[in-house]
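Undergrad: Mind having a look at this structure? Questions to follow.
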Amino acid sequence: MAPAPDPSLVFAALPVATIVLDAENRFRSVNNAAEQFFGASATGLLDMPLAELLPPDNRFFALLEQVRRFEARVSDHDLTLESPRMHRRGVTVHAAPLPEMPGSVIAMLEDGSTAQMLDRQLNFRGAARGASAMAAMLAHEVKNPLSGIRGAAQLLEQAALEADRELCQLILDEVDRITGLVDRFDMFSEHPVERSAVNIHQVLDHVRRIAASGFAAHLRIIEEYDPSLPLVWGNRDQLVQILLNLVKNAAEAVDPVGGELVLATSYRHGVRIAVPGSSQRVHLPLEVSVRDNGPGIDEGLRATLFEPFVTTKRGGQGLGLALVAKLVADQGGLIECDSRPGRTIFRLSLAVPPPGAETGAAA
């Protein structure tokens, strides 16, 4: 008969964030998943009061008091755990008393934001496919007639009087403008994407140099990289395009005085998604983020942020983030946005290269 497993090993291996709080709501035990959930190491969390992470009026404290008062298991759903140090929404908490430790509570926290992110990502991909279909239709139905109009205008210009040539030139200019707009839509068309193993830090350094020498020259750019991060499985040129777009948007959003951009990378264990129509699950442990200290994105826009024609810029066409969503999907990755006043962060979740993959070109 096999020996019983060590309870401490079982606790550490649980895939759900699990913590033990004493009677004064100080952390007494945390497992590996809880370290990831709270974004801190076990060493940093142990003996820390929960009040240092959450405001005292948070619903989590009321749940803990219910557990102690009734000495019974209590569950709550759709909690928001928000403070300057953390930002989690849609959290489900299951808590129970620990008779061996009077006043202590063991709690399991399940982050529903990942599932919500995946739902949004499927919507983003659907929007990208819709834009792709629109691009194909525009290319076929609009660009061909435009070529005929432009040719006719050029012929008319040759025989026109001086006063009428200005009108012919106006026609040519407008035809070129419409053609340019249609070409922008063509970026959404489906094209084969060649992927390879890419050093994401070289990509970020390339983007940072472009930004620092141009549109973000007046801002402070901070790098928070995980030097042990493995290579990313993606298309280098598209990754540059994605990150350059996000960095440019962030630079335009922040105040020129005191504006700050943070480029960061990290490794997240356990991020897997199911591929629609397949039993395959894709591992996306590599996180790349662009953070700014701007005013934030209006809550009413967040749900549709990656859809075409959604923009907060005056004169903007709302195609930049829609294109980003499509390109991220082409990398086999996910993108999410977390925004509140003073802090907006775009996170990319990307895959590691499959065994035997070739390394992409250096930045």
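The values are calculated or read from the model by the stated rules, or taken from the named source; none is laboratory data. Here the structure is a predicted model, which means the values were calculated and not measured. All Cβ positions, glycine included, derive from the backbone under ideal geometry; neighbour counts span all protein chains shown.
Undergrad: Look at Thr92 and say whether it is touching a His at 6+ places or on another chain (Cβ under 6 Å) and farther than 18 Å from Phe11 by Cα.
TA: On the way: touching a His at 6+ places or on another chain (Cβ under 6 Å): yes; farther than 18 Å from Phe11 by Cα: yes.
The answer is yes for Thr92.
Undergrad: Let me ask something else about it. Just to be sure, is Pro97 in contact with an Asp or Glu (Cβ under 6 Å, 6 or more places away or on another chain), modelled with pLDDT of 85 or more and not small (Gly, Ala, Ser)? First the steps, then the outcome.
TA: Values: in contact with an Asp or Glu (Cβ under 6 Å, 6 or more places away or on another chain): yes; modelled with pLDDT of 85 or more: yes; not small (Gly, Ala, Ser): yes.
Against the criterion (in contact with an Asp or Glu (Cβ under 6 Å, 6 or more places away or on another chain), modelled with pLDDT of 85 or more and not small (Gly, Ala, Ser)), Pro97 qualifies.
Undergrad: Right, another one. Quick check on Val328: is it modelled with pLDDT of 70 or more and in the same structural domain as Val257 (by TED's automatic domain parsing)?
TA: Details: modelled with pLDDT of 70 or more: yes; in the same structural domain as Val257 (by TED's automatic domain parsing): yes.
Here the answer is yes, as Val328 does meet what is asked.
Undergrad: State whether the residues of the stretch 91-105 include one that is within 24 Å of the chain's Cα centre (by Cα) and assigned by TED's automatic domain parsing to the domain that holds Phe11. Can you show your working first?
TA: The initial filter retains those residues of the stretch 91-105 that are within 24 Å of the chain's Cα centre (by Cα), namely 91-92.
Filter once more, so that each one left must be assigned by TED's automatic domain parsing to the domain that holds Phe11: 91-92.
Yes.
Undergrad: Applying the selection to the stretch 210-241, what residues are outside any loop (DSSP other than H, G, I, E, B), charged (D, E, K, R) and at pLDDT 90 or above? Break it down into steps so the answer makes sense when it comes.
TA: As a first pass, look at the stretch 210-241 and keep what is outside any loop (DSSP other than H, G, I, E, B): 210-212, 220-224, 232-234, 236-241.
Filter once more, keeping what is charged (D, E, K, R): 220, 223-224, 236-237.
Hits for the stretch 210-241 are Arg220, Glu223, Glu224, Arg236.
Undergrad: Moving on. Out of the residues in the stretch 62-72 that are in contact (Cβ under 8 Å) with a residue 24 or more places away in the chain and surrounded by fewer than 16 Cβ atoms within 10 Å (Cβ to Cβ), state the one that is nearest to Asp22 (Cα to Cα). Quick ask: steps written out before the conclusion?
TA: First pass over the stretch 62-72, keeping only residues in contact (Cβ under 8 Å) with a residue 24 or more places away in the chain: 63-64, 67-68, 71-72.
The next check asks that each one be surrounded by fewer than 16 Cβ atoms within 10 Å (Cβ to Cβ); those that pass are 71-72.
Working: Glu71: 14, Ala72: 16 Å.
Checked the stretch 62-72; the qualifying residue nearest to Asp22 (Cα to Cα) is Glu71.
Undergrad: Also: Regarding Met86, is this residue surrounded by 13 or more Cβ atoms within 10 Å (Cβ to Cβ) and at pLDDT below 65? Spell out the reasoning first.
TA: Details: surrounded by 13 or more Cβ atoms within 10 Å (Cβ to Cβ): yes; at pLDDT below 65: no.
So Met86 does not fit the description; no.
Yes/no per residue for (1) closer than 30 Å to Phe346 by Cα; (2) outside the structural domain of Leu284 (by TED's automatic domain parsing); (3) at pLDDT below 80; (4) β-branched (Val, Ile, Thr):
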site: Gly126; (1), (2), (3), (4): yes, yes, yes, no
site: Ser132; (1), (2), (3), (4): yes, yes, yes, no
site: Ala135; (1), (2), (3), (4): yes, yes, yes, no
site: Ala139; (1), (2), (3), (4): no, yes, yes, no
site: Gly151; (1), (2), (3), (4): no, yes, no, no
site: Leu156; (1), (2), (3), (4): no, yes, no, no
site: Ile178; (1), (2), (3), (4): no, yes, yes, yes
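Undergrad: Moving on to the next point. Residues in the stretch 277-316 that are modelled with pLDDT under 85, more than 17 Å from Ala253 (Cβ to Cβ) and touching a Leu at 6+ places or on another chain (Cβ under 8 Å): how many? Working first, answer last.
TA: Applying the first criterion (modelled with pLDDT under 85) to the stretch 277-316 yields 277-284, 297-316.
Those left that are additionally more than 17 Å from Ala253 (Cβ to Cβ): 277-284, 303-304, 307-309.
Filter once more, keeping what is touching a Leu at 6+ places or on another chain (Cβ under 8 Å): 284, 308-309.
Selection size over the stretch 277-316: 3.
Undergrad: With the structure loaded, tell me whether Asp47 is under 22 Å from Arg89 (Cβ atoms), surrounded by fewer than 18 Cβ atoms within 10 Å (Cβ to Cβ) and either charged (D, E, K, R) or touching a residue at least 40 places away in the same chain (Cβ under 8 Å) (or both) or whether it fails that test.
TA: No, not satisfied.
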